[in-house]
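Working notes for the structure below.
The values are calculated or read from the model by the stated rules, or taken from the named source; none is laboratory data. Small disclaimer: the values here were computed from a predicted structure and weren't measured. Don't worry about glycine lacking a Cβ; one is built from the backbone with ideal geometry, like all the others, and counts go over all protein chains shown. In case anyone asks, the SASA skips ligands and DNA or RNA and just uses the protein heavy atoms, side chains included. Shrake-Rupley method; radii C 1.70, N 1.55, O 1.52, S 1.80 Å.
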Amino acid sequence: MPIPPAYALVATDLDGTLLRRDDTVSPRTRAALALAARAGARHLVVTGRPVPGIRGLLAGLGYRGPAVCGQGTQLYDAGSGRLVRALTLDREAADTALGKIEAQVGPVFAAVDQDGAEGRTLIEPGYAMPHPTLPAQRTRHRHELWAAPVVKVLVRHPELTDDALAEAARGAVGDLATVTLSGPGTVELQPYGVDKGTGLALAAEYLGVSADSAIAFGDMPNDLPMFRTAGYGVAMANAHPELRAAADEVTSSNEDDGVAAVLERVFGAGPGRSVRRQAVQSDIRQ
């Protein structure tokens, strides 16, 4: 019987982490994930994308397990195609939160990810999708964003930087929502207290393992809660400075197989032995 690995879960963000800029996973990274699987570790996708935005991608990867989607608001079982759990953002609270943000920084442009495995991404006039490969439907007025339950709201400002908008939004919305910065041009509001950390914990419970048995990979501040929940956090070389500062290790970029480089080291031990967490300490806190 093989000895269990030091890490039972390999938790990876998608954009800027596992995926290259063309939304593909390199052959080397695929091989490294297979290496981890042979050692007994489960791959867990933890992404800000909602379920409809990743189903095709997961199918292309041959991914059959659970996935944390929508910044922790959704737990999706890719094998069965079933949405296991979803948490929605109160639409009245979301509209109020947008009003508070605009009172602070002036007009913003908003979009929403609807609840459900078939939920749509709706964008109001003026909102530009930061990731052009993700499908979206344009509305004529903001009130149309609230036509159906939503898991999160995406906010953009015509002038402020992402960091400045996220900071202002946190100060404005209080406990109406959790504010995250998940990528270039992507400041988001989700249910208060919900984030990638709570999503990782839920997925770990679903799989029957401890959340701190995860080695986690990410690139943006929305991955901070996942790092705090996991046993070990690895930031990409292309990561936001805030995440790099909080990481246990910084690896190479998503374009340079940074995830694979770490997995090869962690799970590449000889037969009959595993790499313990204490041994995974090179290049710490670069």
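Just to be sure, is E144 free of Cβ contacts under 8 Å to residues at least 40 places away in the same chain and open to solvent by 20 Å² or more (accessible area, probe 1.4 Å)?
yes
Looking at G53, G81 in this structure, which one is farther than 19 Å from V187 by Cα and at pLDDT below 95?
Exactly one of G53, G81 is farther than 19 Å from V187 by Cα and at pLDDT below 95, namely G81.
Restricting the search to the stretch 76-89, which residues are outside any strand (DSSP E or B), in contact with a Pro (Cβ under 9 Å, 6 or more places away or on another chain) and free of Cβ contacts under 8 Å to residues at least 60 places away in the same chain?
Selection gives A78, G79.
Looking at the stretch 26-35, is at least one residue without any contact (Cβ under 8 Å) to a residue 24 or more places away in the chain, part of a helix (DSSP H, G or I) and over 18 Å from N222 (Cα atoms)?
Among the residues of the stretch 26-35, at least one is without any contact (Cβ under 8 Å) to a residue 24 or more places away in the chain, part of a helix (DSSP H, G or I) and over 18 Å from N222 (Cα atoms), which makes the answer yes.
Take the conditions crowded, with 17+ Cβ neighbours inside 10 Å and not aliphatic (A, V, I, L, M) and apply them to S252. Does it pass?
No; evaluated as a whole, the condition is false for this residue.
A quick yes/no check of all residues on (1) hydroxyl-bearing (S, T, Y); (2) buried (at least 22 other Cβ atoms within 10 Å of the Cβ); (3) touching a Leu at 6+ places or on another chain (Cβ under 8 Å):
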| position | (1), (2), (3) |
| --- | --- |
| S26 | yes, no, no |
| T47 | yes, yes, yes |
| G56 | no, no, no |
| L75 | no, yes, yes |
| A86 | no, no, yes |
| A93 | no, no, yes |
| K100 | no, no, yes |
| A103 | no, no, no |
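State all residues of the stretch 233-245 that are touching a strand residue (DSSP E or B) at 6+ places or on another chain (Cβ under 6 Å) and open to solvent by less than 10 Å² (accessible area, probe 1.4 Å); if no residue qualifies, say none.
Residues satisfying the conditions are G233, V234, A235, L243.
Only one of T186, T198, T229 is modelled with pLDDT under 95 and either of a type outside the set (A, V, I, L, M, F, W, C) or over 16 Å from the mean Cα position of the chain (by Cα) (or both). Can you tell me which?
None of the others qualify; the one that does is T186.
Within the stretch 204-220, track down each residue that is part of a helix (DSSP H, G or I) and either aromatic (F, W, Y) or within 16 Å of L18 (Cβ to Cβ) (or both).
Y206
Would you pick out the residues in the stretch 210-229 that are open to solvent by 10 Å² or more (accessible area, probe 1.4 Å), over 19 Å from T180 (Cβ atoms) and in contact with a Gly (Cβ under 7 Å, 6 or more places away or on another chain)?
If the condition is that a residue be open to solvent by 10 Å² or more (accessible area, probe 1.4 Å), over 19 Å from T180 (Cβ atoms) and in contact with a Gly (Cβ under 7 Å, 6 or more places away or on another chain), then D212, S213 are the ones that fit.
Within the stretch 95-116, is even one residue at positive phi and either touching a helix residue (DSSP H, G or I) at 6+ places or on another chain (Cβ under 7 Å) or among the basic types (K, R) (or both)?
No: the stretch 95-116 contains no residue that is at positive phi and either touching a helix residue (DSSP H, G or I) at 6+ places or on another chain (Cβ under 7 Å) or among the basic types (K, R) (or both).
If I go through the stretch 221-258 residue by residue, how many of them are in contact with a Leu (Cβ under 6 Å, 6 or more places away or on another chain) and outside any helix (DSSP H, G or I)?
1
Inside the stretch 147-175, can you point out the residues that are among the aliphatic types (A, V, I, L, M) and either surrounded by 17 or more Cβ atoms within 10 Å (Cβ to Cβ) or at pLDDT below 95 (or both)?
V150, V151, V153, L154, V155, L160, L165, A166, A168, A169, A172, V173 - these are the residues of the stretch 147-175 that are among the aliphatic types (A, V, I, L, M) and either surrounded by 17 or more Cβ atoms within 10 Å (Cβ to Cβ) or at pLDDT below 95 (or both).
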